[in-house]
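Participant: One structure follows; several queries about it will come next.
What follows is calculated from the coordinates using simple rules that are stated; it is not laboratory data. In this text, all values refer to a predicted model and were calculated from it rather than measured experimentally. Every residue, glycine as well, gets a Cβ built from its backbone with ideal geometry; the counts of neighbours run over all protein chains shown.
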Amino acid sequence: MAVLQTSLFYRGDGSTRRYPVAFDYRDRSYVYVTVNGAQVPFTWITSGQLELAAAPANGTLINIFRRTATGALVRFEDGSTVTGEDLNTTYEHVLDIVEETSDGVTAITEEARTALDNSASAVATAGQALSLAGVAATDAASAKAEAASAKTTSEEALEVALEASTTAADLFKVAQDLAEAVVIDDAADLPFDPAGTNLTATNVQDAVAAIALVTGAAEITTDKVKIAGTNETLTARFLAAESALSQAVEDIADKADAAATQTALDAKSPIGHGHSVSEVAGLSDALANKADQSATATALAGKAAATHTHSKSQVTGLDADLTWLSNGKYLAAVNFQGNGTVTIRKTYNVSAIGDLGSGTYRVYFATAMPDTNYMALLSCTNTGDGQQGQAPSVVHITSQQTTYIDLVTYTSNSVTQNNFDPNIVNLVIFRGT
């Protein structure tokens with residue numbers, strides 16, 4: 001990007017008000033400031049720095065630029081003497097206007113180039129979007145095919161589920177047939193109570209005996225049982241049930257008797273319990289020689305906390321030491337550098353220092369004085385820019401207002417007074433009662 005000679009750009013941050021002016025200008029009235037295109041007021045701090053009336057909001061565009069007046073600065077008349085100074089003034093005036101015009105053309109060219117770049121980027125983006133749309137169409141077709149395949153798979157799964165449902169119904173029918181196939185003539189001949197009891201190794205064994213009874217085992221009298229529709233399939237199902245019940249008998253036999261364990265635990269304390277000092281062997285003797293904490297607590301009673309505060313009256317002599325402040329009403333103070341770039345070193349109730357020319361300053365108060373009847377103490381060094389030899393330095397007031405005070409610093413001998421910019425200038429403001 002081309003460098004502009006008469007225009008500067010900054011970004012607002014919501015707090016900064018002072019900005020440098022890094023270009024030449026013939027008169028301060030030729031310098032303007034806009035924020036997001038709207039002109040805003042400002043004041044000059046130094047010849048190379050200005051301060052806006054309000055801090056621009058975060059992200060706003062700040063433009064500081066020069067617009068030289070186009071009217072002639074020098075008038076040439078017939079018969080008049082043409083001096084080099086007049087010619088240089090006219091030349092520099094025209095050069096200033098040409099620089100500003102050139103900057104304007106450069107800015108327009110840059111904007112056009114940016115617009116062209118943005119247009120090319122938009123075309124490229126549109127091409128990418130078209131390509132992505134093609135890919136999306138292909139993906140959609142693929143997704144449609146996968147959906148059709150999934151539908152077919154779900155239909156096949158439904159058929160399998162229906163077949164499984166039919167098989168379950170058939171098995172239920174077989175169970176009904178099995179129930180109807182076994183008829184016990186005399187319930188009293190059963191080896192266990194048909195009403196049911198808690199499952200134990202004994203009645204599981206009785207269940208095994210019952211299955212043996214149904215399947216026609218030799219040691220069971222079969223005349224108490226009638227089997228309707230017995231076939232090999234039913235016999236195989238009974239044999240499988242007999243094997244499962246036998247395994248249950250073995251599992252129950254392997255289990256530990258829980259009653260003995262519970263009896264052993266009944267006399268123990270709960271997991272979470274406490275003890276007194278007397279219940280812990282030797283603890284009372286071990287503590288006998290320790291310091292009594294109550295004595296420490298008594299010694300600390302009434303003492304201030306580690307972190308505490310005092311009122312002014314509780315500090316001996318403070319009221320007397322501050323008498324000068326309450327009676328004199330100290331209102332403002334500043335120590336600033338007067339040569340080079342004017343800079344505040346330390347301040348109280350001073351917001352800014354204006355550089356009004358060689359040895360001339362305006363001190364702005366952050367909070368205005370109640371009236372102009374205040375007292376100012378002034379001092380300055382006799383070293384700085386423009387100091388004449390070892391002549392004594394003088395600083396005095398030229399204007400005293402409620403919002404600011406104007407100062408002038410100079411060296412003086414018996415013949416002349418010479419303004420100069422001292423390295424250190426001090427000001428203290430008081431007001432009487």
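Participant: Taking the Cβ of Val35 as the centre, find all other residues whose Cβ is under 15 Å away and add up their charges (Lys, Arg: +1; Asp, Glu: -1). Before the final figure, lay out each step's value.
Facilitator: Numbers: positive: Arg11, Arg17, Arg18; negative: Asp13, Glu51.
Charge balance in the 15 Å sphere: +1.
Participant: Still on this structure, please answer the following. If you take every residue apart from Asp86 with its C-beta less than 13 Å away from the C-beta of Asp86, what net charge results, scoring Lys and Arg +1 and Asp and Glu -1? Could the numbers behind the result be given before it?
Facilitator: On the way: positive: Arg75; negative: Glu77, Glu85, Glu92.
Here the count lands on -2.
Participant: Here is a further query. Residue by residue through the stretch 419-431, which ³J(HN,Hα) values in whole Hz follow from phi under the Karplus form 6.51 cos²θ - 1.76 cosθ + 1.60 (θ = phi - 60°), with glycine and proline marked x?
Facilitator: Karplus-based 3J(HN,Hα) across the stretch 419-431 equals 5, 8, 9, x, 6, 10, 10, 10, 9, 10, 10, 10, 9 Hz.
Participant: Taking the Cα centroid of the stretch 27-69 and of the stretch 334-388, what is the distance between the two, rounded to the nearest whole Å?
Facilitator: Centre-to-centre (Cα) distance: 23 Å.
Participant: Separate question: Once the Cα gyration tensor of the stretch 7-119 is found, what semi-axes does its equivalent ellipsoid get, as square roots of 5 times the eigenvalues, in whole Å, sorted largest first?
Facilitator: Numbers: eigenvalues 214, 86, 18 Å².
Here the semi-axes work out to 33, 21, 10 Å.
Participant: Another question about this same structure. Under 20 °C and 1.002 mPa s, how fast does the stretch 327-430 diffuse according to Stokes-Einstein, given a Kirkwood radius computed over C-alpha pairs? Answer in µm²/s, whole number.
Facilitator: Values: Rh = 13.8 Å.
Taking Rh from Cα pairs, D becomes 155 µm²/s.
Participant: Of Met369, Met375, how do they rank once you tally other Cβ atoms within 10 Å and put the fewest first? If you can, show how the numbers build up before the last one.
Facilitator: On the way: Met369 19, Met375 13.
Fewest-to-most Cβ neighbours within 10 Å comes out as Met375, Met369.
Participant: If you don't mind, there's one more thing I want to ask. Enumerate the amide H contacts of Gln401 below 5 Å, restricted to partners 5 or more residues apart or on another chain; note that Pro and chain-start residues carry no placed amide H.
Facilitator: Asp406
Participant: Let me ask something additional. Work out how much length Asn58 to Asp27 would gain on full extension: take 0.36 nm times their residue separation and subtract the Cα-Cα distance, in nm to one decimal. Mind showing how you got there, number by number?
Facilitator: On the way: separation 31, 0.36 × 31 = 11.16 nm, distance 3.03 nm.
Computed gain between Asn58 and Asp27 is 8.1 nm.
Participant: How high is the FRET efficiency from Asn418 to Ala38, r the C-beta distance, R0 41 Å, rounded to 0.05?
Facilitator: Working: r = 44 Å, r/R0 = 1.07.
That gives a FRET efficiency of 0.40.
Participant: Could I have the simple spin-label model distance between Ser47 and Gln5, label points 7 Å from Cα toward Cβ, reported in nm to one decimal?
Facilitator: A separation of 2.0 nm, rounded to one decimal place.
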